[in-house]
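Report on the structure given below.
The values are calculated or read from the model by the stated rules, or taken from the named source; none is laboratory data. A quick note: this is a predicted structure, and the numbers were derived from the prediction, not measured. When we count neighbours, we look across all protein chains shown, and the Cβ atoms used for this are built from the backbone with ideal geometry, even at glycine. SASA here: full protein model, heavy atoms, side chains in, ligands and nucleic acids out. Shrake-Rupley method; radii C 1.70, N 1.55, O 1.52, S 1.80 Å.
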Amino acid sequence: MKIVVLDGYTENPGDLSWGELEKLGDVTVYERTSLTDEEEAIRRLEGAEVAITNKTPITRRVMDSCPQLKYISMLATGYNVVDADYARERGIPLSNIPTYGTAAVGQFAIAMLLEICHHVAHHSQSVHEGRWEACADWCYWDYPLIELDGKSMGIIGFGRIGQQTGRIAKALGMKILAYDSYPNDAGREIAEYVDLDTLLASSDVIALHCPLFPETRGIINRETIAKMKNGVIILNNSRGPLVVEQDLADALNSGKVYAAGVDVVSTEPIRGDNPLLTAKNCIITPHISWAPKESRQRIMDTVVSNVKSYLAGAPANVVNS
């Protein structure tokens, strides 16, 4: 059986092994495949029964051109790059990785918040540049330093990752508010569920951990920002299009929003004209919340398990059944 990994580099830049997958068939791993040239994907999938992809699109045309393709597994949770409905019509199961980075993504949200509160990297760099040695006083700071104890964090989307972020923030002494369509007892142990307007008006920090649905696209916009406290901090390491970026940039530049930390943007890689690049007090990281080695190993393990389940005739984690 031929197995093709279309874009394996971000999952495994060299610190993991494809060995367990290679036990299941003839495996070819491409570091990257064009996101726009369907012909390249078609050529690479020639003769493959199993396709594994992260961000490389597998479209209707790709599937029509690869009649031997019988199974697709994602290297991620999201599967919008695959025409899932057409795969179902063709009888091709599509599996995803349902959970792997809960701890890592929650940790990263708090890391962005702590960097905003203390600017650790900036102050360390200033010391290395000699400023402390030359300072007339025994200490200095270039930004307001913020204590989180007693402040409120509002979390929009309170599933596994939202709850993980809430647990860490609660351990820092924060009060947790949550907005979610499906309140549950596990969430109630961490947070108080409230409606969206209450969360917006009451939170010192707002963290986004909701999926990207039509109703959540642009949920952070000029109107919702106007309902927030002056000086609020906004965190997004969920999905870039949850935020209307020009509206957030305007709010940062006006001071309505004190600071933002984003690990995702509307178009990735980020484009040079993204307004957040020139906004005040905006930390931007290159979509790495998910990327600790431990999380990527879980992805690898689940992909192998997905392929094994397919070979056993009972595909697992299928999203287009």
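For the reader, a short list of remarks on this structure follows.
- Normalised by 2.2 N^0.38 Å, where N is the number of residues, the alpha-carbon radius of gyration of region 32-171 equals 1.66.
- Whole-percent carbon and sulfur share, accessible surface of the chain, 1.4 Å: 51
- Each part gets one Cα centre, and for region 120-139 versus region 242-321 those centres are 33 Å apart.
- Once the 1.4 Å probe is applied to the protein heavy atoms, the chain comes out at 48 Å² accessible per residue.
- Each peptide in 56-66, 183-193, 131-141 gets a packing score, the mean of other Cβ atoms within 10 Å over its residues, and the list from highest to lowest is 56-66, 183-193, 131-141.
- Potential lengthening of the chain between Tyr140 and Gln297 amounts to 52.4 nm, from the contour at 0.36 nm per residue minus the alpha-carbon distance.
- Peptides 162-168, 89-95 ordered by packing proxy, namely the average of other Cβ atoms within 10 Å per residue, highest first: 162-168, 89-95.
- Take Leu311: with every protein chain present and a 1.4 Å probe, its accessible area is about 90 Å².
- Folded to 0 to 90 degrees: helix 293-311 orientation relative to the chain principal axis, Cα: 30
- Normalised by the number of residues in the chain, the mean separation of alpha-carbon contacts (under 8 Å, six or more apart) gives a relative contact order of 16 percent.
- Between helix 160-171 and the chain there is an angle of about 30 degrees, using the helix long axis and the longest principal axis of the Cα atoms.
- Over the chain: helical MRE at 222 nm, DSSP H runs n ≥ 4 each giving -39500 (n - 2.57), nearest 500: -9000 deg cm²/dmol
- Shown for region 200-257 is the translational diffusion coefficient from the Stokes-Einstein equation, using the Kirkwood radius over Cα pairs, a temperature of 10 °C and a viscosity of 1.306 mPa s: 140 µm²/s.
- Computed from the C-alpha gyration tensor, the three semi-axes of the ellipsoid equivalent to region 200-321 are 35, 16, 13 Å, from longest to shortest.
- One chain, two ends: Ser65 and Leu196. Fully extended at 0.36 nm per residue, the span grows by 42.5 nm beyond their Cα-Cα distance.
- Identified option (computed mean projected area of the Cα convex hull in nm²; candidates (i) 18.9; (ii) 16.0; (iii) 17.3): (i)
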